[in-house]
1. Report whether or not residue 89 is surrounded by 11 or more Cβ atoms within 10 Å (Cβ to Cβ), acidic (Asp, Glu) and within 12 Å of residue 51 (Cα to Cα).
2. Counting residues that are buried (at least 19 other Cβ atoms within 10 Å of the Cβ), which strands (runs of 3 or more DSSP E) fully inside the range 1-56 reach at least 1?
3. Name the pairs: first residue in the range 54-83 and small (Gly, Ala, Ser), second residue in a helix (DSSP H, G or I) and crowded, with 19+ Cβ neighbours inside 10 Å, Cβ to Cβ under 8 Å, at least 6 apart or on different chains?
4. Just to be sure before I move on: is residue 152 touching a Ser or Thr at 6+ places or on another chain (Cβ under 9 Å), more than 22 Å from residue 15 (Cα to Cα) and not acidic (Asp, Glu) in the structure I sent?
5. Any idea which of 104, 155 is touching a residue at least 40 places away in the same chain (Cβ under 8 Å) and in a helix (DSSP H, G or I)?
6. Got at least one residue in the range 106-117 being of a type outside the set (Asp, Glu), farther than 22 Å from residue 37 by Cβ and at pLDDT below 95?
7. Can you name the condition, by its number, that residue 117 falls short on among (1) exposed (fewer than 11 other Cβ atoms within 10 Å of the Cβ); (2) closer than 22 Å to residue 24 by Cα; (3) touching a Lys or Arg at 6+ places or on another chain (Cβ under 9 Å)?
8. Looking only at the range 126-147, count how many residues are within 25 Å of residue 34 (Cβ to Cβ) and outside any helix (DSSP H, G or I).
Amino acid sequence: METRQLPAGFKPLVGTEDTTIDKMGRVLIPKAKRDRLGEDCAITLGTNGCVVILPEWHWIELQKWLYLVPKENAGAEEYKRLVFGEAQDSLRFDAQGRLVIPQRLRELARLKQKVKLVGAFDRVEVWDEDEYRQFLENPDEYGKERRLRLERALRLMQGAPA
């Protein structure tokens, strides 16, 4: 297993907050989470179908890791498509500390007005309130199709049978 190191001064993203998304897709991120995410961040669809906000260092590490996999690797290509196809990067918070979640991601994650911001160590997960409740009730089944597609891609990437 490869050894990875956290950036100097790393502080995990922790805690859960209730908040809302306005009609323009803006969500207020609490200052503590903004400080730990850093000035630039990326956003994509997460493993279970929630939206994830990644600090720039994490986004760069993911790119470096995927760059090392040969382009002929079908699993890597599928994984890139699933993660990067719905992503936006170089995002910054506005003066009020809000971040815009693109319409397509809001639809894919079924985000309505009331959302939960879940600190998940190296990322912030953005969940619709009802979807998060469903996830907590049955995490093995919630978002299973997407999770299995990503797991399959990772197995292929590592040379294991799909």
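1. So residue 89 fails the test.
2. Per the criteria, 26-28, 41-45, 51-55.
3. Partner pairs satisfying both residue conditions: 75/153; 75/157; 76/153; 76/157.
4. Working: touching a Ser or Thr at 6+ places or on another chain (Cβ under 9 Å): no; more than 22 Å from residue 15 (Cα to Cα): yes; not acidic (Asp, Glu): yes.
Taking the combined requirement at face value, the residue does not satisfy it.
5. 155
6. Step one: filter the range 106-117 for residues of a type outside the set (Asp, Glu), giving 106, 108-117.
Checking which are farther than 22 Å from residue 37 by Cβ leaves us with 110, 112-113.
This time we only want the ones that are at pLDDT below 95, so: none.
No, the conditions are met nowhere in the range 106-117.
7. The number of the failed condition is (1).
8. Total satisfying the criteria: 3.
The values are calculated or read from the model by the stated rules, or taken from the named source; none is laboratory data. Keep in mind that what you see is a predicted model, and the values were worked out from it rather than measured. Every residue, glycine among them, receives a Cβ derived from its backbone with ideal geometry; neighbour counts consider all protein chains shown.
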